[in-house]
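**Student:** Handing you a structure now.
The values are calculated or read from the model by the stated rules, or taken from the named source; none is laboratory data. Remember, it's a predicted structure, so these values are computed and weren't measured experimentally. Cβ placement follows ideal geometry from the backbone for every residue including glycine, while neighbour counts extend to all protein chains displayed.
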Amino acid sequence: EHEVEKMFTLKPGRLPQADVKNIIFFVRPKLELMDIITDNVLREDRGRSPQRDFHILFVPRRSLLCEQWLKEQGVLGSFIHREQYSLDLIPFDGDLLSMESESTFKECYLESDQTSLYHAAKGLMTLQALYGTIPQIFGKGECARHVANMMIRMKREFPGSQNSIFPVFDTLLLLDRNVDLLTPLATQLTYEGLIDEIYGIQNTYVKLPPEKFAPKKQGEGGKDLPTEPKKLQLNSAEELYAEIRDKNFNAVGSVLSKKAKIISAAFEERHHAKTVGEIKQFVSQLPHMQAARSSLANHTSIAELIKDITTSEDFFDNLTVEQEFMSGIDTDKVNNYIEDCIAQKHPLIKILRLVCLQSVCNSGLKQKVLDHYKREILQTYGYEHVLTLNNLEKAGLLKLQTSGRNNYPTIRKTLRLWMDDVNEQNPNDISYVYSGYAPLSVRLAQLLARPGWRSIEEVLKMLPGPHFEERQQLPTGLQKKRQHGENRVTLVFFLGGVTYAEIAALRFLSQMEDGGTEYVIATTKLINGTSWIKSLMEKLEPAPF
Amino acid sequence: MSRARADEEEYWHSSKFRAFTFDDEDDELSQLKESKRAVNSLRDIVDDDDDDDLERVSWSGEPVGSISWSIKETASSSTSSLEGRDSSLQKGSSSYAAFPKQVSSYSLSSLFKGRNKLPSFQSLSDALSDTGVKNYAPELRRPKTEYKDYSSDWSPKDTVRRMQRGKVCSLERFRSLQDKLVLLDEAVAGHDGNVITAVLIFLKRTLRREILFRELEVRQVALCHLIHFLKETGEQKLLLDLLRFLDRTEEVALSQYREHLNIQDVEKRREFLKVCIGLPFSAEDTSHIQDHYTLLERQIIIEANDRHLETAGQSEIFRKYPRKASILNMPLVTTLFYSCFYHYTEAEGTFSSPTNLKKTFKIPDKQYVLTALAARAKLRAWDDVDALFTTKNWLGYTKKKAPIGFHRVVEILQRNNAPVQVLQEYVRLVEDVETRLNLATKYKCHDVVIETYRDLKDRIQLTAYKCKVERGSAEEEKINSILSN
């Protein structure tokens, strides 16, 4: 449309050949990316004609720091235009928005840099400009308080933002990730959550090992198996995926086999089609049926891949330990399984996830236990990880039990975080997403809707950061007169990241017949325990430049 | 970008910008006079410094002396007294003398700086946010009209708001400390990190360190941003000064320790770590850092020795199993594995012996046994494996004991393709009957399975197992004889 010749991903080295006049760099304001761009520009062939013009577009903001960096490298002058593209919240699905800013948690809790909170507030202002002022704001945590303050301030400073749109959202709930450090550490057990845990979903795409996706109709062509990873897009536009993504993985198999029966029955229909009209009708349904069939084939393959892992001994052992911790068993002593994993040099992130989980479930570890873990980790993985351990301590993920008191059991009981009788097939509670553990963050959202936070004051005080309520006045004409039985809509904004399992739990609440509340989810980043811990680890490799 | 360069630039910028604004100023005459006095009294320091300053060669290659002199003249005359002292103090202070002057790379970098003359580049923003380029000479020749925009009189609040909208703003007109702090507070109130950082860059350039630090101490948000900024840009020296000023000693220590990752040369790294030991870490971290140093020290000795042995070709073990990588910078447990692999039989006195490592680093029994087992199993040294679990009591009886549980021993041996005879010896030692049966069945240790069923007096299972062993084999016979008893 705009005569864009080609799009390239950013990588160091010489820019690819392309017969174009203008090259636009479309980047996040990050210093390491600036280094890549510098490399690109410096390697540009100066003798070529026509000379190419460079432009740079920062998403979501121009950063003086980055421009200064480019200047220090002596390339800033090469850019004819330097602009910004204010993209704060990116829609990921019908009910999901993300800022895709992976460093937010680290910046907020390690560096105390709240720039991304400013962007979150800006994104919320944009959202309000489009969908109406949100009359009620609730929040829990320092960052939540901060974002709410900024929103109120921005509203005051730009009186023009008062709009006459009928509000879509009734309530905004701002939640700090550090209010619930536990949930992302546990292994997600929904279908989508497991795909993310095992293969990592990047911007709704997932790359899978190709073996299981080999086209079957190639006769005996077993030799030329595809070697490129299979890339699939995952979102609710795909009917089947929408149905199974949020289910507990143990309930996925039966759905898939039921679907298989329906589809093959549908294809069988062709034998019953006698009249021309019937045949015509059948043919008109064919494209839909074929799409359904290939979708089913894909998800059956994915489910097989996941099943291989979930049925492995190590997955089971790991899950057992997680569940023990979350239900409060033996959280105060050195865990054998963790020790074994260290001895076998399992990936460090796995170890850190478990140790942090234990720490969180025990309101901090005893000195002896903490020291033991630290020593084992440093001896096995290298002393330089002392830096990472310090980061985790600073973020509160790993800590010493200071008060000598463990608050977690109280929190667990009051918020009913552990449910013994979980129904994975036909769930009646959000705890199905972790097969027993109900995510704390979502429980807070649920209790806010009914009966309200006043009932859990005591527990809220045990969790970090203030909790608050703000109201934004609406002109009388815009105030909602609720029809009987009409659902309220709540926007839940997770500051510092949200997991797919938490999203699944909120979707489950939206679908509950007597729930009365529908949820839309926004976040700074979609995370899982691994990507989250990784973002907090010290980069130990020196930069390649 | 080297630290030294950054710091020198700080100086050059502090002069440069005042040069532009000189003409616009008419209300600070008294200040000017005062600063002139201050600067005059300090000039010899500045001049002195200039003598060994290699930056005098400008990108255009023209002789710079006279121009730079005139800059200094104008610069110093428009400097407020505080700032005048600031720049000279920075130059004169001993911490700066310690910096190596930037020497090489100069001609190369000046080449790129030449590009700054591109017309598109001469926008105001560049002049303002510029700390990286030293093209002080040409800027004098810029037409004055270009500066019109930023001489307009915005309040701190307006300035911050303009910057939030991504517009370019002059900060140079915020002169007094008071104004600068109001500006900073406005930026902080706006919560936009980009703006806060921009203001901080400006303050960092124009304020004396001590004052900047002092004011930031009571402005935590801004302080965090500056710390983050310094970390990102790698201005380690200033960062450490700041943290020290704030008495955040543990952070100083960690931040300094982090530096070792950038040192490639092992000897230098070792030296650096040695210095790190004395840093104010928490008690337990100190012991870790101490261990880190000791480990690298050991590794250097072992590496030198073993490389020699390997090239000499005298030692059988190195000939048979050439080393895949150097042991330098490997974790402790990997080092222990290495030493169990290549130096197992050495006396405790040598640095490379496993027992020495175990003692020095207080490696727990469990960890030691696991590692030694893995190493010896890999070499198929089954006797060593046996010895590892054999303990003698005071009566001279031998007994098998494993701190890690024999099921783990079996797993490790199996992973190293131990023969069934070796394997079943340890399977037999697994205490839990069910685990023992499972392992024995899994790894086809028929004897163990048969004996266990016999002990359990489980005829049915034993009969069933008959079909799992080879027909006519010794095992089948054994089953038959047990069943017939």
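**Student:** Condition (residue is over 20 Å from B:Trp382 (Cβ atoms), outside the structural domain of B:Ile404 (by the TED database), exposed (fewer than 15 other Cβ atoms within 10 Å of the Cβ) and within 60 Å of the chain's Cα centre (by Cα)) applied to the stretch B:419-434: is it met by at least one residue?
**Tutor:** Taking every residue of the stretch B:419-434 in turn, none turns out to be over 20 Å from B:Trp382 (Cβ atoms), outside the structural domain of B:Ile404 (by the TED database), exposed (fewer than 15 other Cβ atoms within 10 Å of the Cβ) and within 60 Å of the chain's Cα centre (by Cα).
**Student:** Does at least one position in the stretch B:358-372 carry a residue that is part of a loop (DSSP other than H, G, I, E, B) and more than 11 Å from every other protein chain (Cβ to nearest Cβ)?
**Tutor:** no
**Student:** Being surrounded by 11 or more Cβ atoms within 10 Å (Cβ to Cβ) and closer than 20 Å to A:Glu424 by Cβ is the filter here, so list the residues in the stretch A:258-290 that pass it.
**Tutor:** If the condition is that a residue be surrounded by 11 or more Cβ atoms within 10 Å (Cβ to Cβ) and closer than 20 Å to A:Glu424 by Cβ, then A:Lys259 is the only one that fits.
**Student:** Would you point out the residue of the stretch B:240-262, among those that are under 19 Å from B:Gln220 (Cβ atoms) and hydroxyl-bearing (Ser, Thr, Tyr), that is surrounded by the most Cβ atoms within 10 Å (Cβ to Cβ)?
**Tutor:** Ranking the candidates gives B:Ser255 first.
**Student:** Condition first: within 15 Å of the chain's Cα centre (by Cα), without any contact (Cβ under 8 Å) to a residue 60 or more places away in the chain, more than 28 Å from A:Cys143 (Cβ to Cβ) and within 13 Å of chain A (Cβ to nearest Cβ). Can you find one or more residues in the stretch B:163-186 that meet it?
**Tutor:** Scanning the stretch B:163-186, I find no residue that is within 15 Å of the chain's Cα centre (by Cα), without any contact (Cβ under 8 Å) to a residue 60 or more places away in the chain, more than 28 Å from A:Cys143 (Cβ to Cβ) and within 13 Å of chain A (Cβ to nearest Cβ), so the answer is no.
**Student:** So, of the residues in the stretch B:154-192 that are part of a loop (DSSP other than H, G, I, E, B) and touching a Phe, Trp or Tyr at 6+ places or on another chain (Cβ under 6 Å), which turns out to be modelled with the lowest pLDDT? Working first, answer last.
**Tutor:** Let us first name the residues in the stretch B:154-192 that are part of a loop (DSSP other than H, G, I, E, B), namely B:154-155, B:165-176, B:191-192.
After this cut, where a residue has to be touching a Phe, Trp or Tyr at 6+ places or on another chain (Cβ under 6 Å) as well, the list is B:170-172, B:191-192.
Values: B:Ser170: 74, B:Leu171: 80, B:Glu172: 80, B:His191: 77, B:Asp192: 79.
Ranking the candidates gives B:Ser170 first.
**Student:** With the structure loaded, tell me whether B:Ile201 is closer than 28 Å to B:Asn262 by Cα and within 12 Å of chain A (Cβ to nearest Cβ) or whether it fails that test.
**Tutor:** Yes.
**Student:** While we're looking at this one, here's another question. Taking the conditions exactly as written (part of a helix (DSSP H, G or I), within 14 Å of chain A (Cβ to nearest Cβ), surrounded by 18 or more Cβ atoms within 10 Å (Cβ to Cβ) and modelled with pLDDT of 90 or more), does B:Phe341 satisfy them or not?
**Tutor:** Here the answer is no, as B:Phe341 does not meet what is asked.
**Student:** Here's another thing I want to ask about it. Could you tell me whether B:Ala325 is outside any helix (DSSP H, G or I), in the same structural domain as B:Glu271 (by the TED database) and surrounded by fewer than 19 Cβ atoms within 10 Å (Cβ to Cβ)? Break it down stepwise before answering.
**Tutor:** Working: outside any helix (DSSP H, G or I): yes; in the same structural domain as B:Glu271 (by the TED database): yes; surrounded by fewer than 19 Cβ atoms within 10 Å (Cβ to Cβ): yes.
Here the answer is yes, as B:Ala325 does meet what is asked.
**Student:** Further, regarding this structure: Keeping to the stretch A:341-361, report how many residues are crowded, with 17+ Cβ neighbours inside 10 Å and more than 22 Å from A:Asn528 (Cβ to Cβ).
**Tutor:** 1
**Student:** Could you name every one of the helices (runs of 4 or more DSSP H) located completely within the stretch A:64-183 that has at least 2 residues being within 14 Å of chain B (Cβ to nearest Cβ) and farther than 20 Å from B:Val195 by Cβ?
**Tutor:** On the way: elements: A:64-72, A:104-109, A:115-131, A:142-157.
Qualifying helices (runs of 4 or more DSSP H): A:104-109, A:142-157.
**Student:** Sticking with this structure for a sec: Would the stretch A:398-405 turn up any residue that is closer than 20 Å to A:Leu536 by Cα and not hydrophobic (A, V, I, L, M, F, W, C)?
**Tutor:** In the first step, residues of the stretch A:398-405 are kept if they are closer than 20 Å to A:Leu536 by Cα; the result is A:398-400.
If we keep only those that are not hydrophobic (A, V, I, L, M, F, W, C) as well, we get A:399.
Yes: the stretch A:398-405 contains one or more residues that are closer than 20 Å to A:Leu536 by Cα and not hydrophobic (A, V, I, L, M, F, W, C).
**Student:** Look at B:Ser353 and say whether it is in the same structural domain as B:His292 (by the TED database), more than 17 Å from A:Thr380 (Cα to Cα), of a type in the set (Gly, Ala, Ser) and surrounded by 11 or more Cβ atoms within 10 Å (Cβ to Cβ).
**Tutor:** Spelling it out, B:Ser353 is indeed in the same structural domain as B:His292 (by the TED database), more than 17 Å from A:Thr380 (Cα to Cα), of a type in the set (Gly, Ala, Ser) and surrounded by 11 or more Cβ atoms within 10 Å (Cβ to Cβ).
**Student:** Just checking: which of the helices (runs of 4 or more DSSP H) contained wholly in the stretch A:276-389 hold 1 or more residues that are farther than 30 Å from B:His260 by Cβ and under 25 Å from the mean Cα position of the chain (by Cα)?
**Tutor:** Details: elements: A:276-310, A:313-326, A:336-343, A:348-360, A:367-381.
Once the helices (runs of 4 or more DSSP H) in the stretch A:276-389 are filtered for at least 1 residues that are farther than 30 Å from B:His260 by Cβ and under 25 Å from the mean Cα position of the chain (by Cα), what remains is A:276-310, A:313-326, A:348-360.
Each row is one residue, and each column tells you yes or no for (1) in the same structural domain as A:Tyr437 (by the TED database); (2) in contact with a strand residue (DSSP E or B) (Cβ under 7 Å, 6 or more places away or on another chain); (3) in contact (Cβ under 8 Å) with a residue 12 or more places away in the chain; (4) farther than 30 Å from B:Thr334 by Cβ.
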| position | (1), (2), (3), (4) |
| --- | --- |
| A:Arg270 | no, no, yes, yes |
| A:Thr275 | no, no, no, yes |
| A:Ile279 | no, no, no, yes |
| A:Pro287 | no, no, no, yes |
| A:Leu305 | no, yes, yes, yes |
| A:Met326 | no, yes, yes, yes |
| A:Val334 | no, no, yes, no |
| A:Ala343 | no, no, yes, no |
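**Student:** Between a residue in the stretch A:487-499 that is assigned by the TED database to the domain that holds A:Lys106 and any residue that is in a loop (DSSP other than H, G, I, E, B) and acidic (Asp, Glu), which pairs come within a Cβ distance under 7 Å, given they are 6 or more apart or on different chains?
**Tutor:** A:Arg488/A:Asp170; A:Val489/A:Asp170; A:Thr490/A:Asp170
**Student:** Being more than 9 Å from chain B (Cβ to nearest Cβ) and closer than 15 Å to B:Thr335 by Cα is the filter here; which residues of the stretch A:367-396 pass it?
**Tutor:** Scanning the stretch A:367-396 gives a single hit, A:Ile377.
**Student:** Another question, then. Quick check: anything in the stretch B:452-474 under 52 Å from the mean Cα position of the chain (by Cα) and not hydrophobic (A, V, I, L, M, F, W, C)?
**Tutor:** no
**Student:** While we're looking at this one, here's another question. For a quick check of your reading: which strands (runs of 3 or more DSSP E) sit entirely within the stretch A:411-529 and have at least 3 residues that are farther than 30 Å from A:Asn203 by Cβ?
**Tutor:** Strands (runs of 3 or more DSSP E) meeting the threshold: A:467-471.
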